[in-house]
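See structure below.
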Amino acid sequence: MRRDGDRIPVIGEHRGVALHDYQDEARLAVVRCELDSVLDLADATLLVEIVADVSWSPEARLTAAAKLKAMHQLAAEDRKTRPNFDLAYIEACTAGLDSVYWRSPWHYGSLLDPGRAPHEPGPVPRAMPLDEEAA
C-alpha cells in the first residue's frame, strides 16, 4: 500500500523517464545508459531479467516493469497469447523502488530487494548513505 507523499522526488527525466533525487552526475550517466538499454529492448525474457537484477538502477527496473505490463495489457486487449511471465513476480521485484519509505539508504534500490546471490553482483552502493530525511 502506497502512502501519500511516498514517491521519491525527481530531479529530471531522460527519454520521458523520471530520474530519482540524491544521485550525482556520474551515477545519473549510468542510469541514463541503463534506461536507453531498457527502452530499446523488446524481449520479454531480458526485461524480466532486468526487473529482477538488483545491480540495475531502480529507474531502469521500473521502466522494464512498465514495458512488461504494457506487453501483457496489449496482448490481453488484442486477445493474443499473453507473454510468458508472472505479473505478480514483476510487482514483487519492483516493490518499493519508487518509495521514500522503502528506499535503501545504503544502496540504489529498495530495502525490499533480495540479498545478493552467491557469485552475483549485488545492489550498487551509494557513495554517501542517505540521511534519515532523505531515506
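The values are calculated or read from the model by the stated rules, or taken from the named source; none is laboratory data. Note that the structure is predicted; figures quoted are calculated from it, not measured. All Cβ positions, even for glycine, are placed from backbone atoms using ideal geometry, and neighbour counts span all protein chains on display.
A few notes on this one:
- Search result, residues across region 117-128 that are loosely packed, with under 13 Cβ neighbours inside 10 Å and either outside any strand (DSSP E or B) or among the basic types (K, R) (or both): A117, P118, H119, E120, P121, A127, M128
- Of the residues contained in region 75-88, one or more are found to be hydroxyl-bearing (S, T, Y), under 24 Å from T45 (Cβ atoms) and at pLDDT below 95.
- Pairs with Cβ under 8 Å, 6+ apart, first in region 62-91 and farther than 23 Å from E13 by Cα, second part of a loop (DSSP other than H, G, I, E, B) and among the polar types (S, T, N, Q): A75/T81
- Residue list for region 17-36, filter: in contact (Cβ under 8 Å) with a residue 60 or more places away in the chain, over 12 Å from V124 (Cβ atoms) and charged (D, E, K, R): D21, D24
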